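The values are calculated or read from the model by the stated rules, or taken from the named source; none is laboratory data. Please read all numbers here as calculations on a predicted model, not as lab measurements. Methodologically, a virtual Cβ is constructed for each residue, glycine included, from the backbone with ideal geometry; neighbour enumeration extends over all protein chains shown. Remember, those area values only see protein heavy atoms, side chains included, never the ligands or the DNA or RNA. Shrake-Rupley method; radii C 1.70, N 1.55, O 1.52, S 1.80 Å.
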Amino acid sequence: MASGGEFTLDDWAQWMMACLPLMIAAIAQSQVVLSGGQGLAAGSTALFVNALLVRQMDGETGSILFWALAGPLLGGAIGLCNGYLIGFRRLPSTAVTMATGFVLTGLTLQLAGFEGLTVPDRFRGALLGDLPGGLPVPLVAGLVVLAIAIGLDRWRPGRRIRAAGRDIASPAASGHAAWILAAYVIAGIGYGASGVFLAAEIGSAEPTISAPSLLEIYTALILGGSAPRLCQGSVLGAALGALAIGTLTDLFSDLALPGYLVPATVGLLLLLGLRFAPAGDPVKPAFEPPAMTPWPRYLPALIATATLALAALLGFGNAILHIDPLLMLVVTLLAIAMASVIVIGHIDLSVPAIIGFAALATAQLSQGSDAALLWVVPAILLAGGLIGWANGQIGRRLQAPLVLTTLATAGALNSVTLFVASKFFLGATPLAIKNFLMNMAGVPEIGFLVLAVPLLLALAAFRWRSIQRWLQHMSDPAPQARSRASYPWVFAASGLLAAALGIMLPGYAGAISLTAPDPFMLPALLAVQLAGLCIARRGGNPIMIALTVPAVLLIDIVLVGLGVPAPFRTALLGAILLASIALHGAAPLRRVARRLGKAA
């Protein structure tokens with residue numbers, strides 16, 4: 001980074017400009033953490049604002065000023081929606097912000113496309129250039145951002161947000177819901193501002209270029225002294241932590257160290273930060289999430305029936321017989337892997353990384369040999385189970401939010417996958433896997449069988465007492481010690497299923513990459529949610545996924561038949577996910593659930 005062996009003013013400006021998007025996002029995220037919540041839509045909001053600026057901004061001064069201000073305001077509007085649902089409707093922040101992130105991702109893809117658009121040079125020059133006195137704009141902007149961080153630490157509303165985070169057991173009753181709302185609005189403004197500086201830094205809206213990642217943002221918070229489960233920490237510390245992460249990334253580049261080491265290093269720093277986080281009694285630990293509003297028992301069946309009726313009205317009634325059985329199998333496996341963790345009130349962010357790792361390992365270790373599968377498949381399944389077991393064990397030992405420990409694990413796995421992909425020749429997918437999948441795909445009626453048999457089992461399972469007792473035990477927060485002891489094994493099951501999916505995925509998708517599981521994540525999570533397992537809330541019946549997976553795939557088929565572009569389909573499915581999450585907190589639904597429970 002240094003010019004001629006010593007730092008110049010321009011070098012400092014380039015360093016600060018590279019750190020600004022992450023620093024602003026970390027400051028914004030600190031408000032969410034201090035209010036007792038999680039913000040999984042940080043990067044997607046920044047990318048959405050970035051794509052909007054690239055698409056709409058022209059070289060005129062008025063347009064530049066308008067969109068540079070509209071970006072943070074739009075982020076604030078997104079934060080307003082999230083804050084209302086979380087603060088006033090008492091919905092889990094992890095679920096709401098994850099669904100919002102899916103909606104924004106679809107809109108970003110629609111805005112950005114693959115046209116190679118760029119922001120005007122005048123806009124980039126204004127944020128990358130110098131002030132009249134010769135002082136670089138990025139350095140001035142960095143000092144302003146640090147001053148804002150100090151202000152948020154000392155500002156009275158900032159202290160009220162902290163108070164709301166420490167007393168979130170009943171925010172509506174104590175009057176803190178408005179401050180939780182304010183925290184998400186401030187965070188949204190920060191995410192939008194991060195997107196503005198990201199547009200100036202990279203100059204384009206490539207969908208493959210990532211904004212500050214959640215791993216980097218949360219690591220910056222932890223390094224700055226913020227402890228999510230304690231609702232305490234320093235906003236200035238989060239900003240300084242972001243500068244440290246940015247410096248680490250530059251250091252790897254300056255020392256010519258492999259880039260694939262960065263995710264693992266940042267993930268390790270996150271785990272170390274959680275290990276040495278300030279001691280104290282959690283005010284409302286994410287480790288024991290609140291109980292969910294029960295989903296009416298027969299609602300998944302009604303959803304599946306209504307979806308089929310809608311498809312018939314639109315002329316797609318026979319689509320149910322032509323759902324790709326392989327796609328149904330992939331989405332069902334992924335949904336069950338996610339549901340095994342969601343049923344105990346958590347979310348496993350390492351599942352896509354385990355899938356990518358297993359897919360790459362299958363091709364690398366087998367080198368296309370069918371005979372090698374006899375030991376490769378068991379080895380990969382064992383590795384997936386051990387990774388999941390380690391996830392649960394680390395979260396149990398650290399008493400930390402499992403969404404963060406699995407995020408750190410995902411970073412480490414991504415580094416391993418990138419290392420193998422860059423250092424070794426990737427073998428072909430074994431022919432046995434391809435033949436098995438192709439034979440299934442060649443018989444469309446299998447899709448109906450895959451649907452009908454689990455459907456009957458799901459209906460019969462309502463009276464299966466052992467399953468009911470197990471679900472009640474796992475969703476009951478009273479036996480905390482026993483529940484926590486079972487977490488490593490629950491995560492092991494999730495890792496095992498993810499590894500099984502990774503073994504099959506190269507034969508189905510035809511590609512091996514870190515992003516290969518991404519198209520299946522939203523349909524799987526939507527199927528889990530519609531089955532009655534509210535994300536980040538305890539309880540639910542995972543067997544009902546047998547009904548909701550075909551329903552979700554049928555919805556997607558109808559949208560395809562109506563000519564809806566793929567990015568808009570992602571946004572619409574994300575909106576359905578957000579609506580179903582909101583229904584779990586709706587008073588009419590609670591009344592219906594109580595009546596159906598009494599009738600049963």
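Assuming R0 = 22 Å, what is the FRET efficiency of residue 560 and residue 204, from their Cβ-Cβ distance, to the nearest 0.05? Write down the numbers at each step before the final one.
Numbers: r = 29 Å, r/R0 = 1.31.
Taking R0 as 22 Å, the efficiency between residue 560 and residue 204 is 0.15.
Estimate the FRET efficiency between residue 126 and residue 154 by the formula 1/(1 + (r/R0)^6), using the beta-carbon distance for r and 41 Å for R0, to the nearest 0.05.
0.85
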**Item:** Heavy-atom accessible area per residue - the range 11-210, 1.4 Å, Å²
**Value:** 39
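Which of the chymotrypsin sites (Phe, Trp or Tyr not before Pro) across the range 3-63 are loop residues per DSSP, with 14 or fewer other Cβ within 10 Å?
Those satisfying the criteria are 7.
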**Asked** What per residue convex hull volume, in Å³, do the alpha-carbon atoms of the range 323-386 yield?
**Response** 101
**Request:** Using amide H atoms built 1.01 Å from N in the peptide plane, name the residues 5+ places from residue 234, or on other chains, whose amide H lies under 5 Å from its own.
**Result:** 226
**Message:** Under the 0.36 nm per residue contour assumption, what length would be gained going from the current alpha-carbon distance of residue 434 and residue 88 to full extension?
**Reply:** 119.5 nm
**Nonlocal amide H pairs with residue 130, under 5 Å, H built at 1.01 Å** = 137
**Item:** Charge dipole (the range 11-210, unit charges on Cβ, about Cα centre) - positive-most of 139, 40, 157
**Value:** 157
**Complete:** For the pair residue 272 and residue 244, the simple spin-label estimate (label points 7 Å beyond Cα toward Cβ) gives in nm 0.9
**Prompt:** Å³ per residue of the Cα convex hull, for the range 11-210?
**Reply:** 110
**Complete:** For residue 204, other-chain or 5+-apart residues with amide H closer than 5 Å (H placed, Pro excluded) are 119
**Message:** For the pair residue 386/residue 163, report the inter-label distance in nm, with labels modelled 7 Å from Cα in the Cβ direction.
**Reply:** 5.2
**Within the accessible area of the range 11-210 (1.4 Å probe), percent carbon and sulfur** = 65
**Complete:** So residue 255 and residue 60, fully extended at 0.36 nm per residue minus their Cα-Cα distance, gain in nm 66.1 nm
**Message:** Between residue 568 and residue 143, what is 0.36 nm times their sequence separation minus the Cα-Cα distance? Round to one decimal in nm.
**Reply:** 149.1 nm
**Request:** Kindly identify the range 1-113 as rounded, prolate or oblate by the Cα gyration tensor criterion: order the square roots of the eigenvalues as a ≥ b ≥ c, call it rounded if a/c is under 1.5, otherwise compare a/b with b/c, prolate if a/b is larger, else oblate.
**Result:** oblate
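Which FRET efficiency value, to the nearest 0.05, is calculated for residue 12 and residue 374 with the Förster distance at 56 angstrom and r the Cβ-Cβ distance?
My answer for the efficiency is 0.45.
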